[in-house]
Every structure is written in structure tokens, then in C-alpha cells.
Amino acid sequence: FVKGKGSLTTLKTKERRDRVLQKLMEERRVTIEGLAKELDVSTMTIRRDLRRLADDDVVTLVHGGAVYNEGSAYLPALSVRERQMRREKSAIAEYCARRIPEGSAVYLDNGSTTVEIADALLGKQNIAVLSHSLPVLNILSNAKNIQLISIPGVYEPSAKGFFGDLAVRMIRQFRIDIAFFGVTAVSAEDGVMSAVFYEQALKKALLERARKKVLAIDHTKIGGTSFLKVCDLKDVDAIVTDHAADRAFLKEAARLGVETVQV
């Protein structure tokens, strides 16, 4: 909250919900009464905030509060991931967009960072962009000088993208110059990982068809683990991340022949 003259000004809805999410990430379990007192709002307001997070599969509601969802098989909804590490993702996206040569065929995977790349591409000309991500397609739908190709499939609401056999077969029709991947986690030992089955087959098809494979990830994805292995670390060509990325990981990636960039 923000201090006023002898009183507290109630947090705006977005700021309050960000504070609730941060508290959950730090403490893993919260109570409605505790949050209401800390944020100086009613328990009904906190109940609504937690119910919204539960709808996004971020928390599990329990008696009197909520528990933060985590584990190798857990992937937050895209709407939640878009609110995290915004500054870092924007810098990564701007760098990636600048490195795309004119005339390239580019693939944007689903994910919060690739959505930022789509936004950074709006000023580009004479490139083709393929994607199964609905937010990416929406952003680029009004780009006059970009050829936009939609990959069809079965829509997954939490990922805001199209997946399945139809998407995989469509991807295999193209030769892609650069594919920007969004991933759940990556490590030197376990490689590139995803949390859900429907992403794995599509990412593997991209690995087959892309000449250059780039992980566009913020530092929170590095060193973690997830449910499904997509490929070994050496199978990607480059990693673009932020300055807080683990140096030991980047050193090992470079040893394996992966280009590493921090922005």
C-alpha cells in the first residue's frame, strides 16, 4: 500500500493482485484473513483475488486460504506468465527482433516471451511469421509488411494456442529459418523441458524443421526442472536471456556449442 496523510490508500486492483501473487510465490501458503489485514482490504476482496488465481490454475483453494501450485507437471496459465518478468522479457524480445534478417521465415512458439517478440516485430518488413499462438496471431494480424501464417489445431485455453496432430503435420510442410522457443525449464543436465504432453510433439516438429533454434527465456527458467524432456541442450543453437542468468549454466551451454546472449 501507499502511505497518505495519516491513512493508507487502497491498492489498485492490479497492484493488489500482483502483491497477492508475490506473497504466494514467497510463502507458498496464505490465509485470507492475513492477506486482508496486510493489504487493508476486505476478506471478500481477497476471496475474489484468490478465486481468480485458482481459475488460472495458479493456486489451490483450501479452507481459509490458498496454496501455491508447483511441481514438475505444473505450468501456470499464459495469462499469469505474461505478468511476470516483463522488463526482462521485453529486452529479450527486442534483441531477438533486431537479429532477424529480411526475407526470413520465422516461427514463434507459444509463451509469454514469444508474445513480446511478436510485439517487437511490428515494425519489421518482408518476413514470414508462423505461429500456433493465438496472442501472437492477434498481435501480428494488422502488420502490413509481414506474411502471417496460422498453424491450425485443437485450441488449449490455458496456453492460448493450437496443438495436436494437425498442427504438427502443418509445421512439417515448412522449412523455417529461425524458431523462437518458449519452454518451461532448461538445465545442463536435463536439457529443454516442458510441463504438458500437448506441447512436446509440436516442439519436436519445430526442432526438425528449423535451421536455427533459439531459446528466448528469462533467467527464472534456467536450472529448474519440468515433467517432459523435449531435447538435449546441445540440440538448440542459441539462448537469449537476461543478465541475472546463472553463469555456470551459460558457461556449460557455450561449452556444448550453444551461442549465449545476455541482454
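The values are calculated or read from the model by the stated rules, or taken from the named source; none is laboratory data. Keep in mind that what you see is a predicted model, and the values were worked out from it rather than measured. In this analysis, Cβ positions are derived from the backbone assuming ideal geometry, glycine residues included, and neighbour counts consider all displayed protein chains. Keep in mind that these areas ignore ligands, DNA and RNA; they rest on the heavy atoms of the full protein, side chains included. Shrake-Rupley method; radii C 1.70, N 1.55, O 1.52, S 1.80 Å.
Here is a check on your reading of the model: is F181 open to solvent by less than 10 Å² (accessible area, probe 1.4 Å) and either basic (K, R) or over 23 Å from L121 (Cα atoms) (or both)? If you could, list the steps in order and put the result at the bottom.
Numbers: open to solvent by less than 10 Å² (accessible area, probe 1.4 Å): yes; either basic (K, R) or over 23 Å from L121 (Cα atoms) (or both): no.
Considered against the rule, which asks whether it is open to solvent by less than 10 Å² (accessible area, probe 1.4 Å) and either basic (K, R) or over 23 Å from L121 (Cα atoms) (or both), F181 comes out as no.
Failed condition for S133, given (1) among the small types (G, A, S); (2) touching a residue at least 24 places away in the same chain (Cβ under 8 Å); (3) surrounded by fewer than 19 Cβ atoms within 10 Å (Cβ to Cβ), with all others met?
(3)
Go through the residues of the stretch 98-105 one by one and say whether even a single one is in contact with a helix residue (DSSP H, G or I) (Cβ under 7 Å, 6 or more places away or on another chain), open to solvent by less than 20 Å² (accessible area, probe 1.4 Å) and either more than 26 Å from V263 (Cβ to Cβ) or of a type in the set (A, V, I, L, M) (or both). If you could, list the steps in order and put the result at the bottom.
Pass one, the stretch 98-105, residues in contact with a helix residue (DSSP H, G or I) (Cβ under 7 Å, 6 or more places away or on another chain): none.
The answer is no, given that none of the residues of the stretch 98-105 is in contact with a helix residue (DSSP H, G or I) (Cβ under 7 Å, 6 or more places away or on another chain), open to solvent by less than 20 Å² (accessible area, probe 1.4 Å) and either more than 26 Å from V263 (Cβ to Cβ) or of a type in the set (A, V, I, L, M) (or both).
Identify all residues within the stretch 53-86 that are farther than 16 Å from S194 by Cβ, at pLDDT below 80 and small (G, A, S); write none if there are none.
S79
Against the condition open to solvent by 70 Å² or more (accessible area, probe 1.4 Å) and over 22 Å from T220 (Cβ atoms), how does D49 come out, does it pass? Can you show your working first?
Details: open to solvent by 70 Å² or more (accessible area, probe 1.4 Å): no; over 22 Å from T220 (Cβ atoms): yes.
Against the criterion (open to solvent by 70 Å² or more (accessible area, probe 1.4 Å) and over 22 Å from T220 (Cβ atoms)), D49 does not qualify.
Which residues, taken from the stretch 221-230, are open to solvent by 10 Å² or more (accessible area, probe 1.4 Å), closer than 15 Å to L202 by Cα and in contact with a helix residue (DSSP H, G or I) (Cβ under 6 Å, 6 or more places away or on another chain)?
Taking the stretch 221-230 and keeping what is open to solvent by 10 Å² or more (accessible area, probe 1.4 Å), we get 221-229.
This time we only want the ones that are closer than 15 Å to L202 by Cα, so: 228-229.
Once the filter is applied, which keeps residues that are open to solvent by 10 Å² or more (accessible area, probe 1.4 Å), closer than 15 Å to L202 by Cα and in contact with a helix residue (DSSP H, G or I) (Cβ under 6 Å, 6 or more places away or on another chain), the stretch 221-230 yields only L228.
A216 passes all but one of (1) touching a helix residue (DSSP H, G or I) at 6+ places or on another chain (Cβ under 7 Å); (2) modelled with pLDDT under 95; (3) closer than 19 Å to K89 by Cα; which number fails?
A216 satisfies every listed condition except (2).
Looking at the stretch 236-255 only, could you name the residues that are surrounded by 14 or more Cβ atoms within 10 Å (Cβ to Cβ) and either under 16 Å from the mean Cα position of the chain (by Cα) or outside any strand (DSSP E or B) (or both)? Before the answer, list the steps.
Residues of the stretch 236-255 that are surrounded by 14 or more Cβ atoms within 10 Å (Cβ to Cβ), as a first pass: 236-242, 245-246, 249-250, 252-253.
Scanning the stretch 236-255 gives V236, D237, I239, V240, T241, D242, A245, D246, F249, L250, E252, A253.
Under 9 Å by Cβ, and 6 or more places apart or on different chains, what pairs join a residue from the stretch 102-116 that is on the phi > 0 side of the Ramachandran plot with one that is modelled with pLDDT of 95 or more and of a type in the set (A, V, I, L, M, F, W, C)?
G103/I127; G103/A128; G111/F180; G111/F181; G111/A216
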